[in-house]
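Here is the structure we will look at.
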Amino acid sequence: RQALGGDAALTAITSFTVDGSLQRSVAERTTTERVQFSCLLPDRFLREARMPMGDGPFANYEIVQYDGFDGTTGIRKSVSTAPFPMPSPPPSPIPPPTTPEEIAAAREKQLNGYRRMFFEMATPMFVSLPSIYGLQLSRAGKAPLANGQADVIEIKRNDDRVWRVLIQETTHPPPKLV
């Protein structure tokens with residue numbers, strides 16, 4: 001944290017955006033998505049993934065997937081720029097929730113999935129997160145890497161989910177989250 005400007009500098013951050021790309025290979029097809037993470041701390045997060053789609057005469061369109069949360073509300077939306085209506089996805093073999101309790105549990109599960117996505121993206125960057133998430137960070141020793149040793153930071157959530165951040169001890173490249 002000191003290498004990033006210290007606690008005062010990191011605590012002063014109220015928003016940030018990270019842009020990048022993600023390459024996927026399925027069978028003989030490789031696609032590259034443009035991805036943007038936008039955060040307004042402590043409780044707003046949006047992941048925008050732009051996926052190029054199509055081959056042949058319809059190769060110039062994309063599907064944009066938005067996932068995240070605004071406070072305690074999950075966000076999930078897909079938008080297509082295709083010049084034709086997109087077919088509906090096949091029905092799920094799992095029946096949708098019907099009772100108020102089932103609906104609330106499904107929304108909470110979805111929200112926790114989006115929060116996990118936020119934790120996994122933001123924790124390696126800041127080696128910390130806002131206190132509202134109830135995370136505990138602790139040193140967990142060293143771990144071997146292919147190119148040397150890593151300092152290990154363990155992150156434990158209040159539901160006993162545990163992540164380990166591995167930071168290469170001599171060059172400090174972007175860390176690995178496991």
Handout entry: Set R76, R47: member being part of a strand (DSSP E or B), touching a strand residue (DSSP E or B) at 6+ places or on another chain (Cβ under 7 Å) and open to solvent by 60 Å² or more (accessible area, probe 1.4 Å)
Key = R76
Exercise for the section: Residue by residue through the stretch 130-144, note down the ones that are in contact (Cβ under 8 Å) with a residue 24 or more places away in the chain and either farther than 24 Å from I75 by Cα or assigned to a loop (DSSP other than H, G, I, E, B) (or both). Expected result: P130, G134, A140, K142
Practice task
Out of I132, I94, report the one residue that is at pLDDT 80 or above, open to solvent by 70 Å² or more (accessible area, probe 1.4 Å) and aliphatic (A, V, I, L, M).
Solution key: I94
Fill in the blank from the handout: Exactly one of E33, E62 is modelled with pLDDT of 85 or more, more than 20 Å from the chain's Cα centre (by Cα), more than 27 Å from K156 (Cα to Cα) and of a type in the set (D, E), and that residue is E62
Handout entry: Unique match (being open to solvent by 60 Å² or more (accessible area, probe 1.4 Å), at pLDDT 80 or above and either over 30 Å from S131 (Cβ atoms) or of a type in the set (A, V, I, L, M, F, W, C) (or both)) among S25, S15
Key = S25
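The values are calculated or read from the model by the stated rules, or taken from the named source; none is laboratory data. What you see is a predicted model, and the numbers here were worked out from it, not measured in a lab. Ideal geometry is used to build each Cβ from the backbone, glycine not excepted, and the neighbour counts take in all protein chains shown. Side chains included, ligands, DNA and RNA excluded: accessible areas come from the protein's heavy atoms. Shrake-Rupley method; radii C 1.70, N 1.55, O 1.52, S 1.80 Å.
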